[in-house]
Amino acid sequence: MRKILLLVTLGLFSLSLSAQPELSRVTPRNDLTQMAREPFQVFDNVYFIGQGEVASYVIETSEGLILIDTMWDLPGYTEYLLDNMIALDLSPKDIKYVLILQGHRDHYMGAPALKEILNAQWGANAADWELIEADLGPYSPPRDLVIEEGDTLTLGELTIEFEITPGHTPGTTSMRFPVYDNGVMYNAYFHGGTALRLDDPEIVMEFIRDCERIKNIPNLDVQIVNHYDIHPQGALNLFERAEVLKNRQPGDPHPWVAPDEIVRLMDELIAGAEEVLANLE
Ligand SMILES: [Zn+2]
């Protein structure tokens, strides 16, 4: 009898533990004492509010703001993200949507705290919603939007077009949208996860097809990245680029406008994925 009681107690204990997400551990990648960076405006309508390794962005429209990804759950992150917005004159209460482009912790762990503060709708692809909900349980943000291939989201004058680009996660979500540099429009591509992690041959082949397709999108000018170093070999990283932007003189090109880099990056991703595929066969 005592044994049974003990088992029941242990069972309840593990049940209550599984309902609460396990806190992330401090690593060099997420330690804010080392990773805090100055937030900055990238384009008229795009702001970087991330840290030194993983990004978070605000897209501004006439009808409110869209927050992309929420970073980590370690102490200080919520304040960091909101303070970065305020430093750029962006009001967190104007956030209408929060979009999570991939179901990995560095992109969604800020959500449980932010959902208590923000009055926003939350969006991700169904496959990655499953990852987020399995991890966060009742602390998960609500599944307000289930983003599917070809969906669009319009807020004010801005329309985002979504593509589901699996490979990093099953439901990695990418976005196409216009960005503006002193009023001049450029076409941006924001890939939700360029590092191939899944080794299902079908998904690897889909990843390659997506990269081929992205490479051939006409008039793609700008790549927005969710980690600081997602650029083709030899190209400036996010913070090196930010330095160029900061010191830009009138008439200088915007350092994010680099159509050839998108093609080069896609070629590198395709080559890497083909190697993965060859090793699978
Ligand atoms: Zn990831």
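Bear in mind these aren't lab numbers, they're just calculated from the coordinates by the rules spelled out. A quick note: this is a predicted structure, and the numbers were derived from the prediction, not measured. Ideal geometry is used to build each Cβ from the backbone, glycine not excepted, and the neighbour counts take in all protein chains shown.
May I have the count of lysine pairs in the chain with C-alpha atoms under 29 Å apart, counting pairs 8 or more residues apart or located on different chains?
Final tally of qualifying lysine pairs is 5.
With Cβ to Cβ distances under 9 Å as the rule, what net charge do the other residues near His227 carry (K, R +1; D, E -1)? The partial results should precede the final answer.
Numbers: positive: none; negative: Glu53, Asp106, Asp229.
Its environment carries a net charge of -3.
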What is the magnitude of the charge dipole of the range 63-201 about its Cα centre, with +1 placed on the Cβ of each Lys and Arg, -1 on the Cβ of each Asp and Glu, and no other charges, expressed in debye to the nearest 20?
140
Rounded to the nearest 500, what is the 222 nm mean residue ellipticity of the chain from helices alone, with -39500 (n - 2.57) per DSSP H run of 4+ residues and division by all residues?
-11000 deg cm²/dmol
Using packing as a proxy for protection, rank 230-241, 98-109 so that the peptide with the highest average count of other Cβ atoms within 10 Å comes first.
98-109, 230-241
Working from Cα positions, state the angle (0 to 90°, nearest 10) between the long axis of helix 201-215 and the longest principal axis of the chain.
30
Students often check this: by mean Cβ neighbours within 10 Å, which of 85-94, 60-69 ranks highest, and how do the rest follow?
60-69, 85-94
How would the range 26-280 be classified by its alpha-carbon gyration tensor: rounded, prolate or oblate, with rounded meaning a/c under 1.5 and the a/b versus b/c comparison settling the rest?
rounded
Give the shape of the range 131-277 as rounded, prolate or oblate, defined through the alpha-carbon gyration tensor: a ≥ b ≥ c are the square roots of its eigenvalues, a/c under 1.5 means rounded, and otherwise the shape is prolate if a/b is larger than b/c and oblate if not.
oblate
If you filter the range 130-216 for GluC sites (Glu not before Pro), then keep DSSP loop positions with at most 15 other Cβ within 10 Å, what is left?
Glu148, Glu149, Glu157
For helix 2-19, what angle does its Cα long axis make with the longest principal axis of the chain, in degrees from 0 to 90 and rounded to 10?
20
Helix 126-136 axis, angle to the chain major axis (alpha carbon atoms, nearest 10°)
50
